Structure formats: structure tokens, C-alpha cells
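Only one structure is covered here, and it is reproduced in the block below.
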Amino acid sequence: MAGTAPQHTDVDGVDGGVGLTALLVAAARAIETHRHDSLARDRYAEHFVRAAPACADWPVRVEQAPDGDGNPLWGRFARYFGLRTRVLDDFVLRSVRMGARQVVLLGAGLDTRAYRLDWPSDCVVYEIDRPPVLDFKHRVLLDLAATPKAKRVPVTVDLRDDWAGALTTAGYDPSLPSVWLAEGLLFYLPAPVETHLIDTADRLTTRGSALAFEAKVEKDLHRYRDSPTYTATREQIGIDLLHLFDPGPRPDSAADLVTKGWSTSVHTPFDFTHRHGRGPLPEPDGVNDALEGNRWVFAHKPRP
């Protein structure tokens, strides 16, 4: 998700049910925004962080973090989120240029693409997430008098419920090309839920559609228990990501899409670091590199 993990990451009663993981990604985007060599700019991100009491003292500029870019959380990990944002921005805009006019954000979290990116006038952005998350986002953006650059349609539903029905009820048309993002979402989900989500996305898309998602390939996540990234996230802001990730075997969703007729390409984040000339690089020894097993998958349902 663009940062919203399942219910057990929430801080209900503190931040209105907004997951701390969503706020972590928002803080990372704020830091990226203020870099001199920024890959992606989100001027709304720091306002989400400051509006949530649980993270009001988190840095929103890298110089506010202890050790700056040397901080494993607010340096390297935040740069990862900045790179991911840029890569998915490019993917969705490229898909729109190819004719997609419906954008579906699964587990949208505090994603502000509807406000940040330059969309065609007839584009619709559907944001699927739970009511507390989208309500919090709406309140913050309303206070900023922010105006979306495309028609934005919040779809307030939990992904464990009938989100497909809610999406079509909201106006989504499966017969028209679309582009879907599942950003930072799937590795929180049990394998059957991921499989159902991918199957549903396939069922709700026509030829000329596209899908991007993030996956993990490690079979033993806990071998990264002592990685600098996960340790810093746990100790500095109290989020134990390894505890939140589903521990079961992961499905090969990229291969599943191929069997359904999609074309797919799978990349490491480091591929895009080299492409853009900035972003996280592999740790020298690779043994405790929390990013080493991350994969970004890009899929297209070929046109007739």
C-alpha cells in the first residue's frame, strides 16, 4: 500500500485509525521532497506527518534525522521509498499516455497521486482503503485547500471485504483500460489473499491494462532481524516490520499473471538506482540487507 498495512499496525484513538506504516511512507516522501536531488516531490506528505500526534516529532527533512543520510531509517530506507514513488509515478503516467483512463490504487494509504501528477482531463483515480485512512487524508488535504488534478473517487472498503463490488459500484468500468498499483501492500497479506487480489485484478481488467506491485522473494524473512534498516525502524519509531509481514510462503504472482496472458518484468530496486543515478545501493556484504529481496513487478495485459 502506499503505506497502509493491516489493522494491527493502526494507532486507533491516537491518529484516527491511520496506520503508522502509512505515516512512515509519508515522512519518507517528505524527506525526498526536500532533497536537492529529489526523485519525487510530494508537498502534502509532511502535513500528514505533522497532523498525526504519534509521529509529530518525526523528521521531514533528512538534516533533522540523527546522522542524516547515515541514518538507516531516514537515510537509506527513506531514499528507497522516494525511488519507489518515482518509479511508480513514471509507470502510471506511461500507462495513461498509452490510453488508460482509470487508475486504481489498492491500499491507497496517504497516496496523493491524484493531487500531484498531471492527468488527462478525463482520468479517474480510484483510491481503495479503509474509512479511517481516507477520512484522515481528506481532513488534512481539506485544511490545505488541496485540489485534485483528476477526478478522485475514494472507495472506502477493507481489502478483506468485497472491494471489487465497491469499486464497480463507485463507477469503475472493467471494459475500459486501467492501470493498477499495489504499492507496499502484498507482503502484509496472507498468500491466499494476495492470490485472490491478483485474480480479481485480472478479472476486472481488459486488454491494454497494466498493473505494478511490490513483492518479496525471501523464504526466511527473520534472517534479516538484525538488519540496520529493520532494527532502526523498530528502535526509532516502534514499527516492527518483520512482525507485520505475513510469515507464510509467498505465491509467485508474476508467474501467475503470465499464465493468465499478461506480460511481466521483474526488477530489483537497485536496477532503478542505477537508471536514475541515485537511490539505495546494495549493502556491501548483502547478508543483512533488508532491501535485497524486494522485487518490483510490472505487468501488462496485451492489446488485441
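The combined condition, being among the β-branched types (Val, Ile, Thr) and out of contact with any helix residue (DSSP H, G or I) (no Cβ under 8 Å at 6 or more places or on another chain), is not fulfilled by residue 92.
A single member of 40, 26 is at pLDDT 95 or above, of a type outside the set (Lys, Arg) and not in a helix (DSSP H, G or I), and it is 40. Residues of the range 208-231 being under 26 Å from residue 70 (Cα atoms), of a type in the set (Ser, Thr, Tyr) and in a loop (DSSP other than H, G, I, E, B), which ones? The answer is 227, and nothing else.
Residues that are surrounded by 15 or more Cβ atoms within 10 Å (Cβ to Cβ) and either at positive phi or hydroxyl-bearing (Ser, Thr, Tyr) (or both) within the range 240-293 comprise 253, 264, 268, 273, 279, listed in sequence order.
Among the residues of the range 57-65, are any in contact (Cβ under 8 Å) with a residue 60 or more places away in the chain and in a loop (DSSP other than H, G, I, E, B)? So far as the range 57-65 goes, yes, one or more of its residues are in contact (Cβ under 8 Å) with a residue 60 or more places away in the chain and in a loop (DSSP other than H, G, I, E, B). Quick one: is residue 114 out of contact with any Phe, Trp or Tyr (no Cβ under 8 Å at 6 or more places or on another chain), outside any helix (DSSP H, G or I) and among the hydrophobic types (A, V, I, L, M, F, W, C)? The answer is no for residue 114.
Only residues that are farther than 26 Å from residue 304 by Cα and not charged (D, E, K, R) were counted in the range 122-178, giving 27.
For the condition of a type in the set (A, V, I, L, M), buried (at least 17 other Cβ atoms within 10 Å of the Cβ), more than 22 Å from residue 104 (Cβ to Cβ) and within 19 Å of the chain's Cα centre (by Cα), residue 198 does not qualify.
I'm trying to understand the selection: among the residues of the range 68-100, which are in a loop (DSSP other than H, G, I, E, B) and either farther than 30 Å from residue 175 by Cβ or touching a Phe, Trp or Tyr at 6+ places or on another chain (Cβ under 9 Å) (or both)? Once the filter is applied, which keeps residues that are in a loop (DSSP other than H, G, I, E, B) and either farther than 30 Å from residue 175 by Cβ or touching a Phe, Trp or Tyr at 6+ places or on another chain (Cβ under 9 Å) (or both), the range 68-100 yields only 71. Against the definition (in a helix (DSSP H, G or I) and aliphatic (A, V, I, L, M)), how does residue 179 come out, yes or no? Against the criterion (in a helix (DSSP H, G or I) and aliphatic (A, V, I, L, M)), residue 179 does not qualify.
Look at (1) of a type in the set (Lys, Arg); (2) farther than 18 Å from residue 183 by Cβ; (3) surrounded by fewer than 19 Cβ atoms within 10 Å (Cβ to Cβ) and you find that residue 76 fails only one, number (3). Against the list (1) closer than 21 Å to residue 250 by Cβ; (2) touching a Leu at 6+ places or on another chain (Cβ under 6 Å); (3) surrounded by fewer than 22 Cβ atoms within 10 Å (Cβ to Cβ), the condition residue 230 fails is (3). Of the helices (runs of 4 or more DSSP H) contained entirely in the range 239-297, those carrying at least 1 residues that are over 18 Å from the mean Cα position of the chain (by Cα) and touching a residue at least 60 places away in the same chain (Cβ under 8 Å) fall at 253-259, 269-276.
You will find that of 133, 104, 96, 124, the residue that is buried (at least 23 other Cβ atoms within 10 Å of the Cβ), modelled with pLDDT of 95 or more and among the aliphatic types (A, V, I, L, M) is 104 and no other.
So for the range 47-60 (the condition being touching an Asp or Glu at 6+ places or on another chain (Cβ under 9 Å), basic (Lys, Arg) and at pLDDT 95 or above), does at least one residue qualify? No - not one qualifying residue is present in the range 47-60. Filtering the range 262-289 to residues that are among the aliphatic types (A, V, I, L, M) and at pLDDT 90 or above leaves 266, 281. Against the definition (within 20 Å of residue 210 (Cβ to Cβ), among the basic types (Lys, Arg) and crowded, with 16+ Cβ neighbours inside 10 Å), how does residue 116 come out, yes or no? Taking the combined requirement at face value, the residue satisfies it.
The values are calculated or read from the model by the stated rules, or taken from the named source; none is laboratory data. Since the structure is predicted, the reported quantities are computational estimates derived from the model, not experimental observations. Here Cβ is always computed from backbone atoms with ideal geometry, including for glycine, and neighbour counts include all displayed protein chains.
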